[in-house]
Amino acid sequence: MATERDALAESLNDLFLNLSTMVKSELQGANNHLELLEKMNLRVGEEYKEFGDVASGLRVFVEQLKSKSGSFDEYVRQIEAIEDQVAHFESVISMLDKYVSQLESKVQSACRPPQ
C-alpha cells in the first residue's frame with residue numbers, strides 16, 4: 001500500500017509539475033506578446049513623432065511661400081492693369097486703322113484723274 005501511495009504521490013507530483021510547466025509556458029507566451037506589442041507601440045510612436053516633425057517643417061515652408069506670394073500681389077495687380085491698358089490701346093489702334101483705311105481710300109479717289 002505504501003508503494004501504491006508513493007506511485008500515486010509521484011503521479012500527482014508529475015501532474016502538478018506538468019500543469020505548472022504548461023501554465024508557466026502560457027504565461028511566458030502572453031508576456032512575449034505583450035513585450036512585442038510594447039516594442040511595436042514604441043516604434044509607431046517614433047514614426048508619428050517623425051511625421052509630426054515633417055508636418056511642422058512643411059507648415060513653416062508653406063508660411064514662407066505665403067509671405068513670398070504676398071509680395072507678388074502688387075506685381076499681379078500691375079500686370080492686370082497693363083493688360084487692361086493694352087486691350088484699350090488695341091481697340092484704339094483698330095479704330096485708327098479703320099479711319100486711316102477710309103482716309104487712304106478717299107485720298108486715292110481724290111488723286112485719281114477724272115475719266
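So the check is Cβ under 7 Å with 6+ separation or different chains; which pairs have a first residue in region 1-16 that's at positive phi and a second one that's exposed (fewer than 10 other Cβ atoms within 10 Å of the Cβ) and assigned to a helix (DSSP H, G or I)?
If the second residue must be exposed (fewer than 10 other Cβ atoms within 10 Å of the Cβ) and assigned to a helix (DSSP H, G or I), no pairs are left.
Select from region 65-78 the residues that are surrounded by fewer than 10 Cβ atoms within 10 Å (Cβ to Cβ) and over 17 Å from the mean Cα position of the chain (by Cα) and list them in ascending order.
Scanning region 65-78 gives Ser67, Lys68, Gly70, Ser71, Asp73, Glu74, Tyr75.
Quick note: the coordinates plus some simple rules give every number you see, no bench work behind them. Predicted model only: the values in this text are computed from it and were never measured. When we count neighbours, we look across all protein chains shown, and the Cβ atoms used for this are built from the backbone with ideal geometry, even at glycine.
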